[in-house]
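For reference, the structure discussed in these notes is given below.
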Amino acid sequence: MAGNSGGPWGGGGGSDGGDNRGDDDRDRGPRRPGEGQQIPEIDELVRKGQEQLRVLMGGRGGNRGGGEGGGDGPQIGRGGIGVAVLAVIGLWLYASVYSVQPEEQSVELFLGEFSSVNDPGLNFAPWPLVTAEVLEVTTNRTESIGNNRSGGSDTGLMLTTDANIVDIDFEVVWNISNPRLYLFNLRDPEATVRAVSEAAMREVIAASQLAPILNRDRALIADTVEELIQTTLDSYESGINVVRLNLDRADPPNEVIDAFRDVQAAEQERDQLQRQADAYANRV
């Protein structure tokens, strides 16, 4: 018992016995319930939430350079930037690469000015500096003149050199021979072809008599008008090629067609009687 100064409970205060808590524990006094568990700080919870958000946004978790927070707000990582760059490149290629079909040609414009004419195939025009206009060059287009009388138009009524009126319906078939001239020199190609064709037909009809127009000279008139149309379009540098001209109808106007047929019948009867008289004279 000698030297036992542990008090009435027999607890030793030395290094050999019992459950020693140290001087700090003895000084703090009795513990409250749950005081032995460490409660996370609010700042630490916020920091962990920010790190998880960065990971979801493609950033890197953890602290950068040993500091807390690793930067303010969500960060876009290298993967996200790479995807954005690839998307921009893909859109640029989509706008720059184009295909030309066998019946087409393309006209490339550099800042709005003519650059080149490209043949069918896959072509590259770096947008937005270079743009392309694709035109169907071998497709035949048709302009009909004179056969739309139901709308009140009189474009088919033309005056002959012997002061007769003839009603003509015809079609002009054309295509594009030079895409550059066609694109830059004509504001309205269809209207230009119609105006030139009508003017050419009126010029030829005005130099012809009615009877040959209705009978033997129809093919000759069609060839002459086609050549005149092509010559006029070439003088405009239109880039248009006239394929053919179809002269569908050449008749007197509907208002006088019955009278005209009576005149024709009388002329035919006259010619027949004249031949019979000549034959009788020869027999005598």
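The values are calculated or read from the model by the stated rules, or taken from the named source; none is laboratory data. Just so it is clear, the model here is predicted, and its values are computed rather than measured. Quick reminder, even Gly has a Cβ in these numbers, built from the backbone with ideal geometry, and neighbours come from all protein chains shown. Heavy atoms of the whole protein, side chains included, go into the accessibility calculation; ligands, DNA and RNA do not. Shrake-Rupley method; radii C 1.70, N 1.55, O 1.52, S 1.80 Å.
From the list ASP278, ASP234, pick out the single residue that is surrounded by 11 or more Cβ atoms within 10 Å (Cβ to Cβ), free of Cβ contacts under 8 Å to residues at least 12 places away in the same chain and assigned to a helix (DSSP H, G or I). Let's see the steps before the verdict.
Working: ASP278 fails: surrounded by 11 or more Cβ atoms within 10 Å (Cβ to Cβ).
One residue alone meets the criteria, ASP234.
Would you point out the residue of the stretch 81-114, among those that are in contact with an Asp or Glu (Cβ under 9 Å, 6 or more places away or on another chain) and open to solvent by 60 Å² or more (accessible area, probe 1.4 Å), that is farthest from LEU183 (Cα to Cα)? Full working, then the answer.
Step one: of the stretch 81-114, the residues in contact with an Asp or Glu (Cβ under 9 Å, 6 or more places away or on another chain) are 100-101, 103-109, 114.
Right, trim to open to solvent by 60 Å² or more (accessible area, probe 1.4 Å) and you get 101, 103, 114.
On the way: GLN101: 18, GLU103: 17, PHE114: 10 Å.
Checking each candidate, the answer is GLN101.
Yes or no: GLY156 more than 30 Å from VAL134 (Cβ to Cβ) and surrounded by 15 or more Cβ atoms within 10 Å (Cβ to Cβ)?
Judged against the criteria, GLY156 is a match.
Between residues in the stretch 183-200 that are within 15 Å of GLY146 (Cβ to Cβ) and residues that are open to solvent by 70 Å² or more (accessible area, probe 1.4 Å), which pairs lie under 9 Å by C-beta distance while being six or more apart or on different chains?
VAL196/TYR236; ALA200/GLU227; ALA200/THR231
I'm told GLU171 meets every condition in (1) within 28 Å of ILE257 (Cα to Cα); (2) part of a loop (DSSP other than H, G, I, E, B); (3) of a type outside the set (Val, Ile, Thr) except one. Can you identify the failing condition by its number?
Failing condition for GLU171: (2).
Exactly one of (1) in contact with a Phe, Trp or Tyr (Cβ under 8 Å, 6 or more places away or on another chain); (2) closer than 30 Å to ALA211 by Cβ is unmet by ASN185. Its number?
Failing condition for ASN185: (2).
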